[in-house]
Amino acid sequence: MTIICLQCSKENPDIAKFCSQCSSLVNNNPPNNPQPNYNNPPPQQPDYNHNPNQRPMQWKSEGTTLVLTVILGIFGFGGIGHIYLGNITRGILILIVGIILLAVAIITIGLGLLILIPFAIWVVFDARKQCKRYNDHLEQTGRPPW
């Protein structure tokens, strides 16, 4: 029995390990690679990088929303939290009303605070409610509500 070299097509004796023409390795044994068994595929490796409890990137952080609303709300920019949520129209409207109320509070030497403080508290609670609404809608439909 002879073995044909795959490199140069020279016939070699079946006991040869190397080709007599090109010195390539002649493998007279079939490869020891088992054929894939398509009826029983190999088990899938667990995906340790996927966490089903992790929120998608589009979700908005309630903490970030509240920090933006409270910290910037002190300076009359409470609508920034709504803008962070993507509710641009509502955020700009709250910004305008907040700046006007802050100006009234400064001009009236504090009397305007009687209106500004309840408004600021409402803005904080509304931002939190809007954040929950945004995330719930995103979870149910896969897209932002506005």
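Here, each number is a calculation from the coordinates, and none is a lab measurement. All values derive from a computational prediction rather than experimental measurement. Heads up, the Cβs are rebuilt from the backbone with ideal geometry, glycines too, and the neighbour counts pull from every protein chain shown.
A few comments on the model shown:
- Amide hydrogen neighbours beyond the local backbone of residue 3, cut-off 5 Å, H modeled: 12, 14
- Net lengthening on full extension, residue 18/residue 143 (0.36 nm per residue, minus Cα-Cα): 38.5 nm
- If the segment from residue 6 to residue 62 were pulled out straight at 0.36 nm per residue, it would be longer than the present Cα-Cα gap by 13.5 nm.
- 5 angstrom amide H check on residue 26, placed H, neighbours 5+ away: 18, 19
- Residues 136, 126 arranged by fewest to most Cβ contacts within 10 Å: 136, 126
- Entry note, segment 62-141: relative contact order of 30 percent, from Cα contacts under 8 Å with a spacing of 6+ residues.
- Peptides 14-20, 117-123, ordered by how many other C-beta atoms sit within 10 Å of their residues on average, highest first, read 117-123, 14-20.
- Residue separation of residue 114 and residue 93 scaled by 0.36 nm, minus their Cα-Cα distance, works out to 5.6 nm of gained length.
- Segment 62-141: C-alpha gyration tensor shape, a/c 1.5 cut-off, then a/b vs b/c: prolate
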